[in-house]
């Protein structure tokens, strides 16, 4: 199944390549990966989505923790979390089809961000499913170009993602556990 | 031969160095000294020259190697023999890439080394300048961590971090790549301010409380437990703890290749080595066990054989400091993630004394006819077998502080089978990576680290030729290293696989070697040929008595085979044993 990991890393050169190299070396295929700044300038945050079973997911967490620049790993797959993807969709829009495109965008609460002579560019955020559905209905009208950011994720509730206690972290056999670096 | 050596610094001189301005190169040496480094192994070149120029201000002894791979293996051998961090130095480009094999070797066997490489000037980075290689990129997957340093004021804290990372937790190699301008430019040196502050690195793990309870439950309930003892024992310094743990529970101990010596082989609870070339009874005992207690080992495929049939009746307890090793190959019932020594300190007082006489007797009986099949006990057919050499070497050197450093292949397995190691760190061998060419340079490192020990190289004729250029290093450094070449004219282990699995198609395994005696003598090393069983002991004695390095060319039986053997992918109890014709001549059956 698809697993979603939130990874906090030190904002230093080469850290992205360390994380990616680990997935390559351990033969895990990344579905999507996003990196960006956080509320702290010295910390970057990644959201990594990949296909893994429960055992593999546990080993991924343990291996990612071994990277010296990794501060925190959180597998939010089974947690209440907000997961969002953003897409820009450039779609053909002739005078005849334009209103239909606008109508569809409206239904999906997407926004039109650029209008050209015979095309519209639509911005949509949401779950992967929602974006997939919009793409599906726009496809017959003629997709010109699509770009998607990949998923970003955040736990629900007031608390920020926090590291689990170290003792709990080392109890690798518990279900919701993670483990720390060595 | 090198400039005048600076005197060791007094504390006052050290304090005076603090907060003074100096070049990055001098800061590097200053930091290495403060990390306790006495010797480094290296090879100079353009991009590291400022560092070499500053060496005259340092009390550190530099050992000039003949190939950078040798430098890394020496640092590795030094670290394995002493437990301290070994240091290797090379220039950029080819100097750095030559280190790759040695770094990977240290990575797979969790050995703390720090490799320092010169790099082209920071303004030239990425321009494909002369001798530029992206060595931090190259070594990313084979180092525990690595650094690219482009400014002098980054050197001190990088070196301190590197040493801390290399030796803490599960040890491993760390590489520091320093640009030439960072070596040349100056800044204020402040040792205290350079202390490691690492938010993302926490090597101090300890298991959850209830994991101990679960482990004790399993141990108390077990009727047929076995300890699987690995390299982690010496890394953690838990030799005594393991011994009293085994004794308290009357639990027999099987060892991995890198575990040999960490539990005394003369101990009544010692079983011997497990795995592909482990003793047949050890592997059978593992398959019969109802509990495996893995101490600082990682269930390597050479140890488990086919995972589907591995120890089918056993519950498993895994004690290791690396959480990513848990459930990697073998699914375990209880994991205690932490420092082995500390974990055993917690576990042992709560452990019930047990008498497991029946189980121990059962295991003892598994030995069956092994002694009869042992080549040591076969009648002398006039041939010299490698096992004879190793067995005699053990008898001759067992009373002294001897470190045996092996290469990789048949001789390595025979060493593991016939040299009975009683002391930790008395066997140095490349286990995980299986690096041919490891022995000679690693032995140099071991001798430099432990000058009082007798150091013996045991190498095959194949692996020895990979790094034999380091003979010159032995002579230049005037090191008393004894070299036993187990010369069978083949790449023996590969030939053995061809014999078993490729219909004796000996493709590319017959091996032409130089006259090793003449070769040794060309370097000024006393060299002896030995090809008779009766001459082995006198030759070893002569070598030990000689005041200087000695090379012995042991010309042994060419097509001998390491038995027993578990074929790759076969179940642990399906062993190929020494065939019966030889056994019959021994009067068996």
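Details
- Three-way shape label, the stretch B:396-490, alpha-carbon gyration tensor, a/c 1.5: oblate
- Protection-proxy order for peptides B:8-19, B:355-366, B:380-391, each taking the mean of Cβ atoms within 10 Å per residue, highest first: B:380-391, B:355-366, B:8-19
- Once the Kirkwood radius over Cα pairs is known for the stretch B:487-589, the Stokes-Einstein relation at 20 °C and 1.002 mPa s delivers a diffusion coefficient of 130 µm²/s.
- Across the alpha-carbon atoms of the stretch B:209-366, the computed radius of gyration and Dmax are 13.8, 38 angstrom.
- Sites residue A:159 and residue B:244, calculated FRET efficiency, Cβ-Cβ separation with R0 35 Å, nearest 0.05: 0.20
- Alpha-carbon Rg with Dmax, taken over the protein assembly as shown, Å: 29.6, 102
- Computed from the Cβ-Cβ distance with R0 of 60 Å, the FRET efficiency linking residue B:12 to residue B:504 stands at 0.25.
- Cβ-to-Cβ counts within 10 Å put B:502, B:164, B:201 in ascending order as B:502, B:164, B:201, the fewest first.
- With N counted as the residues of the stretch B:384-556, its alpha-carbon radius of gyration over 2.2 N^0.38 Å works out to 0.97.
- Between residue A:147 and residue B:49, the modelled label-to-label distance comes to 4.7 nm, taking each label 7 Å out from Cα in the direction of the beta carbon.
- Cα point-scatterer Debye curve for the stretch A:82-152, base-10 log of I(q)/I(0) at q = 0.22 Å⁻¹: -0.87
- Cα shape, the stretch B:196-243, gyration tensor, a/c 1.5 rule: oblate
- The stretch B:1-70 and the stretch B:522-539 have their alpha-carbon centroids 39 Å apart.
- Label-to-label distance, residue B:134 versus residue A:25, with points set 7 angstrom from Cα along the beta-carbon direction: 1.6 nm.
- A Förster radius of 60 Å combined with the Cβ-Cβ distance from residue A:136 to residue B:568 puts the calculated FRET efficiency at roughly 0.75.
- Descending by average beta-carbon neighbour count within 10 Å, the peptides B:48-61, B:566-579 line up as B:48-61, B:566-579, the highest first.
- The mean count of C-beta atoms from other chains within 10 Å of the C-beta of residues in A:58-71, rounded to a whole number, is 5.
- Spread of Cα-to-Cα distances over 10 Å intervals beginning at zero, given as percent, for chain B: 3, 17, 26, 25, 18, 9, 2, 0
- With semi-axes defined as the square roots of five times the eigenvalues of the C-alpha gyration tensor, the equivalent ellipsoid of the stretch B:28-107 measures 18, 17, 9 Å, largest first.
- Within the stretch B:420-458, backbone nitrogen closer than 16 Å to the virtual label 7 Å beyond the Cα of residue B:544 toward Cβ: B:420-423, B:452-458
- Counting only DSSP beta bridges whose two residues both lie in chain B, roughly 10 percent are antiparallel.
- DSSP bridge pairs, the protein assembly as shown: antiparallel proportion in percent, nearest 5: 40
- The Cα-based radius of gyration and maximum Cα-Cα distance (Dmax) for the stretch B:435-491 are 11.1, 34 Å.
- Distance between the pseudo-spin-label points of residue A:51 and residue B:478 (7 Å out from Cα toward the beta carbon): 6.6 nm.
- Shielding value for B:318-326 is 6, the average number of Cβ atoms from other chains within 10 Å of each residue's Cβ.
- Inter-chain Cβ neighbour count for B:200-211, averaged per residue, equals 6 (cutoff 10 Å, partner chain atoms only).
- For the stretch A:87-144 and the stretch B:369-407, distance of Cα centres in Å: 79
- Whether chain A is rounded, prolate or oblate, judged on the alpha carbon gyration tensor where a/c under 1.5 counts as rounded: prolate
- Ranked packing of B:307-319, B:35-47, most packed first, by mean Cβ within 10 Å: B:35-47, B:307-319
- With the cut-off at under 15 Å, measuring from each backbone N in the stretch B:183-214 to a point 7 Å along the Cα-to-Cβ line of residue B:21 picks out B:184-190.
Taken together, the values in this text are just the output of simple stated rules run on the coordinates, not laboratory data. Note that this is a predicted model, so its numbers are computed, not measured. Cβ atoms come from the backbone with ideal geometry, glycine included; neighbour counts cover every protein chain shown.
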